[in-house]
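Below is one structure, written out as C-alpha cells, with a few remarks after it.
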C-alpha cells in the first residue's frame, strides 16, 4: 500500500534558491515585508569598502581591448626601440614607457573615430559602433588616467610634467583640426603644420621625452622627432587619397567623407581660392565614390597637389635621414624611415 505524502512535505517544501540580488534585497526587509532602515555606517561600508573587481574592469575596458585585438603597424613601438639604441633606457623604465605610449595611442584612436564619425579602423568596425559612443569615450578617458598611473611607477617628477605638456598639445592639435572641419575653415599650411606638430607629433615626442628623462644621455632628439611626426602625418594624408591598401583599412578617400582639411586638400583649395568645388565637397561629407573620384582627379590634374605633396614628403624624408646621421647614425631608425616612404 502506497502511503500518502505527509501534509508537512506537501506544504513546507524548501523554496528554490533566490538569485543573489533578490537575496540581498530580501535581507533589507523585515519579517513583515517592510524595508529595514540601514545605518549610515552600513551604507558607507557598502559603497566605499568594496574592492574594484576584475569583472567590472573588463567591462570598462571593452572598447579598448576590442581595438587592441586588431593591432596596427605599431610604428611607435618600433620607433621607441630605435631611439633606445641611442638612449639606453633601463629595461624596467622602457617597458613602462612602451606600455604607456601604446595605451595612449589606442585610447586616442577610440576618441578620433568617434569625433571623425569613422566606420572602419584597421579594416574592422570602429569600437563605438559596437560598444556605443558613451562607453567608448569613457573607456578612452579611463585609459588616459591608467597610463598616468603607470608613469607614477617611474618615481621621476619630470615625467608628470612631460605627460601633461604633451597631452595638452595632443588636445590642442585635435581641437584645431575639428574646428576647421566643423566650420569649413581652410587653414594656412603653417597652421596645419602647427596642428600636426601638436597632434601627431605629440605621442612621438612624448615617447622620446620620457625616454630622455630616464636616460643618462644628455642628447636632445626632440627636433628629429618633430620632423618624423610631420613626415608621418603628411604621408598618411597622401595615402588616404592615393592608396588602395588605405581604402581597404579605412574606406575610400575617408578624409573627404570626414570633411578633413588634410595637407593635400589645403594645398588644392589654396591653389585656386576662386574654385569652391572642393570646399563644397568637403562640406557635403559625401560617401559618393563618384564625387570623391572627381575630387581626387581635380587635385591631381588641376592643382598638381599630389606632385607637390610627394615633393614635401621627399624633402622631409631627406631631412630626417640627415638628422639621424648628425646624431651618429641609427640603422634601426633609418630602416623605419625607408619603410615609411616605400608604401
Counting only residues that are in contact (Cβ under 8 Å) with a residue 40 or more places away in the chain and farther than 18 Å from residue 263 by Cβ, region 183-199 contains a total of 0
message = When you scan region 90-111, do you find a residue that is at pLDDT 95 or above, assigned to a loop (DSSP other than H, G, I, E, B) and under 27 Å from residue 216 (Cβ atoms), even just one?
response = yes
Taking region 70-111 and keeping residues more than 20 Å from residue 162 (Cβ to Cβ) and crowded, with 18+ Cβ neighbours inside 10 Å leaves 109, 110, 111
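Scanning for something at pLDDT below 70, farther than 30 Å from residue 221 by Cβ and assigned to a helix (DSSP H, G or I), does region 26-38 turn up at least one residue? Working first, answer last.
Filtering region 26-38 for residues at pLDDT below 70 gives 26-36.
Next, from what is left, pick out any that are farther than 30 Å from residue 221 by Cβ: 26-36.
Checking which are assigned to a helix (DSSP H, G or I) leaves us with 26-27.
Yes, there is a match, as at least one residue in region 26-38 is at pLDDT below 70, farther than 30 Å from residue 221 by Cβ and assigned to a helix (DSSP H, G or I).
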In the set 50, 76, the lone residue that is at pLDDT 80 or above, under 41 Å from the mean Cα position of the chain (by Cα) and not in a strand (DSSP E or B) is 76
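Do we have residue 315 as surrounded by fewer than 12 Cβ atoms within 10 Å (Cβ to Cβ), at pLDDT 95 or above, within 21 Å of residue 188 (Cβ to Cβ) and out of contact with any helix residue (DSSP H, G or I) (no Cβ under 9 Å at 6 or more places or on another chain) here?
yes
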Restricting region 324-335 to residues that are surrounded by 18 or more Cβ atoms within 10 Å (Cβ to Cβ) and assigned to a helix (DSSP H, G or I), the one farthest from the chain's Cα centre (by Cα) turns out to be 324
Note on region 140-152: residues surrounded by 14 or more Cβ atoms within 10 Å (Cβ to Cβ) and either within 11 Å of the chain's Cα centre (by Cα) or free of Cβ contacts under 8 Å to residues at least 60 places away in the same chain (or both) are 140, 143, 144, 146, 147, 148, 150, 151
Exactly one of 303, 309, 287 is at pLDDT 95 or above, in a loop (DSSP other than H, G, I, E, B) and farther than 30 Å from residue 163 by Cα, and that residue is 303
- Can you spot a residue in region 254-261 that is touching a strand residue (DSSP E or B) at 6+ places or on another chain (Cβ under 9 Å) and under 25 Å from residue 72 (Cα atoms)? yes
Within region 267-278, the residues that are surrounded by fewer than 17 Cβ atoms within 10 Å (Cβ to Cβ) and assigned to a helix (DSSP H, G or I) are 270, 271, 277
Within region 202-253, the count of residues that are in contact with a strand residue (DSSP E or B) (Cβ under 6 Å, 6 or more places away or on another chain) and part of a helix (DSSP H, G or I) comes to 1
Among 241, 235, the single one that is surrounded by 17 or more Cβ atoms within 10 Å (Cβ to Cβ) and under 30 Å from residue 159 (Cβ atoms) is 235
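The values are calculated or read from the model by the stated rules, or taken from the named source; none is laboratory data. Small disclaimer: the values here were computed from a predicted structure and weren't measured. Counting neighbours? That spans all protein chains shown, and the Cβs are built from the backbone with ideal geometry, glycine included.
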